[in-house]
Every structure is written in structure tokens, then in C-alpha cells.
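Asker: Below is the structure I would like to discuss, written out as C-alpha cells.
The values are calculated or read from the model by the stated rules, or taken from the named source; none is laboratory data. Worth saying up front: this structure is predicted, and the values here are computed from it rather than measured. Neighbour counts run over all protein chains shown; Cβ positions are idealised from the backbone, glycine included. Quick note on the areas: whole protein, heavy atoms, side chains included, nothing else; ligands and nucleic acids left out. Shrake-Rupley method; radii C 1.70, N 1.55, O 1.52, S 1.80 Å.
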Amino acid sequence: MRPTTTAIAAAALVLLAACGTTTRPSALAPGQTGFVPPKLEAQQSLGTGEGQVNLVAWAGYVEDGGNDPKVDWVTPFEQETGCQVNTKVAGTSDEMVALMRTGQYDAVSASGDASLRLIAAGSVAPVNTSLIPNYTDVFDGLKSKLWNSVNGVPYGVPHGRGANLLMWRTDTVKPAPDSWSVVFDPNSPYKGRVTAYDSPIYIADAAVYLMSNRPDLGIRNPYALDDKQFQAAVDLLKRQKQIIGEYWSDYTKEVQAFKSGDSVVGTTWQVIVNVALSEKAPVAAVLPKEGATGWSDTWMVAAKAAHPNCAYRWLDWIISPTANAQVAEYFGEAPSNAKACEETTDPKHCETFHATDEAYFAKVHYWITPISQCLDGRTGVTCKDYAAWTRAWTEIKG
């Protein structure tokens with residue numbers, strides 16, 4: 001349900017590199033990415049709906065009762081707006097980037113490792129948040145961030161968020177770990193039963209660990225790695241490869257691996273923890289002391305959307321309190337709208353997913369597309385872009 005390694009987005013990556021500025025500020029403010037995107041204007045007014053909207057989305061984000069009759073926030077939207085929803089479920093971020101380049105879709109639920117690629121390619125346009133009333137109630141901690149805006153200009157609305165946690169089998173891994181060191185120890189007693197996320201973006205997980213354990217490297221942002229920092233992260237992951245049993249991208253398969261004992265420790269999402277526990281697997285999870293990577297997905301509007309008015313109505317609907325609560329519970333993440341916490345079926349949902357806990361999310365480094373301009377504000381140095389991350393990941397696994 002999240003990105004895996006492919007080369008589909010190569011053209012977008014080339015364009016992303018080409019969009020860099022030649023001068024850089026000494027430090028990046030929130031929402032600054034250090035590159036100049038294609039000049040596109042946000043829609044200025046909302047007109048009559050066009051009768052349909054074509055979406056690219058993660059599985060579980062656009063439910064119309066087809067998978068579960070009790071899970072449906074699409075039908076009420078269609079009834080209220082007259083916009084028929086047509087959805088293409090994408091399995092990876094690279095697939096989303098490729099689909100949006102076709103021009104056949106109006107909006108996309110992009111993860112942070114895809115959003116800057118979409119912006120740089122001119123596939124998506126800035127959004128006018130004044131046309132999206134529910135944007136007002138989105139948590140401030142999700143607005144104007146590096147993955148959903150450029151130099152303070154918003155390119156979408158936040159859908160939800162979550163952290164990439166450390167999970168372990170409580171009957172096998174003792175004592176209970178509180179550090180990522182348990183998955184990077186080359187002499188691990190759990191060799192062959194350690195698991196890790198299968199994506200180039202996982203290189204950032206190694207960088208987060210190195211931020212605490214190799215302060216001499218000077219890593220300030222796990223997505224802004226110069227040659228030396230990047231090589232240190234790659235070397236760490238190559239050593240880790242010797243103790244990995246399997247890499248995962250399908251969360252249902254990770255659940256089964258922990259239930260069977262094929263995996264006993266590794267990176268995970270809170271929804272996986274919940275499912276595993278519901279299926280009687282003896283697991284627990286923690287946000288390690290070093291912090292963690294995580295995600296905040298963004299609904300973005302295509303630059304050449306054929307149905308922009310319905311697209312804007314969808315963006316407002318999916319972050320409305322009721323719909324946002326429904327999708328957050330169904331998918332397993334923290335909602336983006338603060339008022340959604342009052343609408344969840346489980347009164348403890350927002351507590352479980354730390355929806356209102358900004359101190360918790362301050363330890364989470366949200367996925368951002370790595371670009372050659374260092375996202376930590378450094379000048380006079382080139383950082384490794386996503387194309388380099390993709391090549392390195394192939395080498396790490398190979």
C-alpha cells in the first residue's frame with residue numbers, strides 16, 4: 001500500500017533535479033523545498049460540479065461500501081455534490097506518479113515520497129484553501145510542510161498521518177526494545193527473523209538511527225544526505241541485510257509473518273499492530289528513543305484536471321470531520337481534521353494514534369522526496385536525490 005522500488009518515475013526525477021534553484025537561503029523555513037516548481041496558478045473560484053471526479057488513491061482511502069457495506073463515505077458525497085466518484089487504486093507511490101502523468105485523473109492521495117515529484121513534473125497545481133472550508137480545522141502541525149507545500153504555497157490538503165514503529169514478538173524478543181539498535185545489530189540473536197520496509201525511502205530509517213548514534217556525521221534531516229552521510233546509511237543497511245529474513249511492503253503479509261514467527265522484530269505501522277493483536281499475535285510496538293520516520297498523505301489536484309470543481313469538493317469532503325474520522329478508523333491512522341476525533345466510533349481512536357499529540361509527532365520525520373538541494377538548508381553541498389536512493393536500494397537488496 002506504500003511505495004516499492006521501481007523506475008517508473010525516472011522522467012519526473014530528472015525534471016525534479018532540473019527544477020533546482022542556483023541560490024539557496026541559509027536555512028529553510030517550514031514549507032520551503034529549495035526548488036522552483038513549474039509556474040501554475042491555483043483555482044480562484046468554485047463553479048458548478050462536472051458530474052464526476054477521477055481519483056488515484058491508496059486502498060482504503062475511497063470506500064463506497066463495495067468492500068464492506070458498513071464502510072461508505074463515497075455515496076453520501078455523491079448524493080450531496082452530484083459528483084460520481086471513479087477510483088483507481090494504486091499500489092505504490094511510483095505508480096501514482098505515473099498515473100498522474102497520463103492526465104486522466106483529477107486528484108491523488110500522494111505520500112510524501114511522491115508529492116514533490118508530482119509538483120516538479122507539473123502534474124499537480126497549487127490549491128486555493130479558501131475554497132476548502134474544512135481546511136481551517138486541519139491540525140496546524142500538518143499545514144505548510146515540506147511535503148505538501150513549496151515556499152509556503154499549499155499544493156494539497158493533509159489526509160492523515162502515522163509513524164513507522166518498531167514491533168516485536170513479546171514471547172521472543174526480550175527485554176522489550178526501546179531503540180532501533182535491535183534491528184541493526186549485526187550479531188542479533190534474531191538473525192533471519194528481522195524485517196524491514198521494502199522501499200528506497202527506508203534509507204531514511206537508517207539515517208534517523210545514525211542521527212543519534214553517529215552524531216559526527218552531522219545529519220540534521222534524514223532526507224537531506226550528502227555523499228558521506230548517504231554512504232554511511234547505505235553501509236548500515238548493507239550490514240543489516242545479513243540479518244534480514246524478509247522485506248515487506250504488503251502489511252497483511254507482515255501480520256502473517258509475525259503470527260507465524262517468521263518475523264519477530266522490525267518496522268511496522270500502528271494498523272499492523274492492531275490487526276496482529278486482534279488475530280492473537282503476541283506483539284507490542286514502540287516509537288523508539290531515536291525517533292522514527294512516518295507519513296502524512298496529501299490530496300492533490302491535477303494541474304489539468306478535467307473535473308476541478310468536483311475535485312475541490314472531494315478535497316473538502318475527505319477532510320470533513322465525519323468522513324475524515326471514517327477513513328482514519330478504517331485505514332488505521334490519525335485523522336488530519338481536529339474535529340474528526342469527536343466523530344470516531346472508537347472513542348479511543350485518536351488516543352491510540354496520537355492524533356492530538358504534537359510532542360509525539362515532533363519525533364516523527366515525515367516522508368519527503370529527497371532532492372539534490374539539501375532540505376536542511378545547507379549550501380555549497382549536493383544531497384542525494386530520489387534517483388540515487390532508488391539505485392542504492394537495489395544495490396542494498398541485491
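Asker: Considering only segment 286-305, state which residues are buried (at least 20 other Cβ atoms within 10 Å of the Cβ) and not hydroxyl-bearing (Ser, Thr, Tyr).
Answerer: Those that are buried (at least 20 other Cβ atoms within 10 Å of the Cβ) and not hydroxyl-bearing (Ser, Thr, Tyr): PRO288, ALA292, GLY294, TRP295, ASP297, TRP299, MET300, VAL301, ALA302, ALA305.
Asker: Return a yes/no flag: does segment 138-150 have any residue that is more than 19 Å from the chain's Cα centre (by Cα), closer than 21 Å to ALA224 by Cβ, modelled with pLDDT under 95 and open to solvent by 30 Å² or more (accessible area, probe 1.4 Å).
Answerer: no
Asker: Filter segment 340-370 for residues that are more than 27 Å from GLU290 (Cβ to Cβ), touching a Cys at 6+ places or on another chain (Cβ under 7 Å) and either touching a residue at least 60 places away in the same chain (Cβ under 8 Å) or assigned to a loop (DSSP other than H, G, I, E, B) (or both) and give the result.
Answerer: THR344
Asker: If you don't mind, there's one more thing I want to ask. Select from segment 254-276 the residues that are assigned to a helix (DSSP H, G or I) and either modelled with pLDDT under 95 or open to solvent by less than 60 Å² (accessible area, probe 1.4 Å) (or both) and list them in ascending order.
Answerer: GLU254, VAL255, ALA257, PHE258, GLN270, VAL271, ILE272, VAL273, ASN274, VAL275, ALA276
Asker: In addition: Which one is farthest from GLU351 (Cα to Cα) among residues in segment 160-216 that are of a type in the set (Phe, Trp, Tyr) and not in a loop (DSSP other than H, G, I, E, B)?
Answerer: The qualifying residue farthest from GLU351 (Cα to Cα) is PHE184.
Asker: Just the residues that are in a loop (DSSP other than H, G, I, E, B) and aliphatic (A, V, I, L, M), please, taken from segment 233-245.
Answerer: Scanning segment 233-245 gives a single hit, ILE243.
Asker: Of these, SER115, SER109, which one is of a type outside the set (Val, Ile, Thr), touching a Phe, Trp or Tyr at 6+ places or on another chain (Cβ under 8 Å) and not in a strand (DSSP E or B)?
Answerer: Criteria check complete, one pass: SER115.
Asker: Here's a follow-up. Can you find, within segment 69-84, the residue that is farthest from ALA328 (Cα to Cα) among those that are free of Cβ contacts under 8 Å to residues at least 60 places away in the same chain and assigned to a loop (DSSP other than H, G, I, E, B)?
Answerer: Within segment 69-84, the match that is farthest from ALA328 (Cα to Cα) is GLY82.
Asker: While we're here: Mind counting the residues in segment 14-57 that are open to solvent by 50 Å² or more (accessible area, probe 1.4 Å), modelled with pLDDT under 95 and assigned to a strand (DSSP E or B)?
Answerer: 0
Asker: Whether any residue in segment 366-380 is within 21 Å of THR75 (Cα to Cα) and out of contact with any Lys or Arg (no Cβ under 6 Å at 6 or more places or on another chain) is what I want to check.
Answerer: Checked against the condition, which is being within 21 Å of THR75 (Cα to Cα) and out of contact with any Lys or Arg (no Cβ under 6 Å at 6 or more places or on another chain), segment 366-380 yields no hits at all.
Asker: Kindly indicate the residue of segment 179-206 that is surrounded by fewer than 16 Cβ atoms within 10 Å (Cβ to Cβ) and of a type outside the set (Gly, Ala, Ser) and also nearest to HIS365 (Cα to Cα) among those meeting that condition.
Answerer: Across segment 179-206, the extreme among qualifying residues is PRO186.
Asker: Can you tell me which residues in segment 168-225 are polar (S, T, N, Q) and over 27 Å from LEU375 (Cα atoms)?
Answerer: Matches in segment 168-225: THR170, THR172, ASN187, SER188, THR195.
Asker: For ALA176, all conditions in the list (1) surrounded by fewer than 16 Cβ atoms within 10 Å (Cβ to Cβ); (2) modelled with pLDDT under 95 hold save one; what is the number of the exception?
Answerer: For ALA176, the exception is condition (2).
Asker: State all residues of segment 217-232 that are buried (at least 21 other Cβ atoms within 10 Å of the Cβ) and not in a helix (DSSP H, G or I); if no residue qualifies, say none.
Answerer: Listed by number, the residues that qualify are ILE219, ASN221, PRO222, TYR223, ALA224, LEU225.
Asker: If you don't mind, another one. Answer yes or no: is there a residue in segment 384-393 that is under 30 Å from ASN274 (Cα atoms), under 16 Å from the mean Cα position of the chain (by Cα) and modelled with pLDDT of 95 or more.
Answerer: No, there is no match, as no residue in segment 384-393 is under 30 Å from ASN274 (Cα atoms), under 16 Å from the mean Cα position of the chain (by Cα) and modelled with pLDDT of 95 or more.
Asker: Follow-up. So how many residues does segment 58-83 have that are open to solvent by less than 20 Å² (accessible area, probe 1.4 Å) and hydroxyl-bearing (Ser, Thr, Tyr)?
Answerer: 1
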